[in-house]
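Below: one structure, written as structure tokens.
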């Protein structure tokens, strides 16, 4: 099982945003692009992969969504359809425990809750981390990353108690492209 | 100089499509996602990279757009802004020769015209190609790929007269993610 945890600093936590105005909804466009990058493969869903999106924007932060490839029949590739899907999840009446909405999960969980709960091997993406080519990735990796601004220090520190810093190069890449690259590296290594 | 050539089978060749209905415009959503995958790096444009998009949809196919990272101040990351940019280019009165529209180029050129004109080393992305880890990529690579359906046999054969087939794995990846992966491999190898 492979997973990704994306920290979104300002991603809205209700469905009151327009599918045509995703940038304004706390960079929900970025979140939407991560879904196919994480879960799409060969015209279906990666059934061994989960994407956790931790949203910290108004009005009811924190909220975390979990997209589980094994529960999905198809993965939408365009921003608009993914935005529609996120809105459906955020419209549900969820609390502290995971609520299943057609195979995807939503809960009032924080970034730290997800780190605490995971049994995966945590890798925090960071420009100053160990180059990935020198890291022997263990099974069940969880790759943790921030949005366009990056992880807040507090969250990064918390994740690092359980994991290690890795880097995919000195360049800053788009988050969705980081996910695509990490998926590709794992595919190549057969993890 | 690194370049990508994307063959879009049905991408519209006029601006009569809505930014909110990109899937219906011959999968212009896919084209839009390739722009940041090819050109965005570290919050600016890759100044050593070009993306050629060859559109073969109605009403005036073939049309090719060339996005040149060295001429761009910024690269939009969301589909909508990129769609708006493509529409501006398609609205211009272009003919057989490249027309410069604020740093990007548009012309009534075919896929084969671009292959004929390029001085780059051509690599055609194909599931049955040589694995990229076994290929010593030469300088000035041009990576050629099809859309969600793939390259037509005729175009593939033409490109292969000048180049070779390479593969990034047995899985089918999203075209934009293929571009992201190829950019990353080239970055890692310092090409």
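Bear in mind these aren't lab numbers, they're just calculated from the coordinates by the rules spelled out. These numbers were taken from a predicted model, which means no experiment stands behind them. All Cβ positions, even for glycine, are placed from backbone atoms using ideal geometry, and neighbour counts span all protein chains on display.
The table for this structure:
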item: Where Rh is the Kirkwood radius over Cα pairs, Rg/Rh for the protein assembly as shown; result: 0.97
item: Using alpha-carbon coordinates, inclination of helix B:28-39 to the longest axis of chain B, degrees; result: 60 degrees
item: 20 Å reach of a label modelled at residue B:116, 7 Å along Cα-to-Cβ, counting backbone N of region B:8-39; result: B:8
item: Region A:26-96 - convex hull of the alpha-carbon atoms, volume per residue in Å³; result: 88 Å³
item: Copies compared at residue B:70 - label distances in nm, ascending, label defined 7 Å from Cα in the Cβ direction; result: 5.1
item: Label-zone membership for region B:164-191, site residue B:44, 7 angstrom Cα→C-beta point, backbone N under 15 Å; result: none
item: In nm, spacing of pseudo-spin labels at residue B:148 and residue B:24 (7 Å Cα→C-beta vector); result: 1.5 nm
item: Packing-based exposure ordering (other Cβ within 10 Å, fewest first) of A:13, B:64, B:118; result: B:118, A:13, B:64
item: In degrees, nearest ten, helix B:175-189 long axis to first principal axis of chain B (Cα); result: 50 degrees
item: Nearest-first distances (nm) between copies at residue B:98, label 7 Å from Cα via Cβ; result: 5.2
item: Copies compared at residue A:127 - label distances in nm, ascending, label defined 7 Å from Cα in the Cβ direction; result: 3.9
item: Radius of gyration and Dmax over the Cα atoms of region A:129-191, both given in Å; result: 11.8, 33
item: Antiparallel content of DSSP bridges confined to the protein assembly as shown, in %, to 5; result: 40 percent
item: Between region B:117-145 and region A:26-65, the Cα center-to-center distance that results, in Å; result: 32 Å
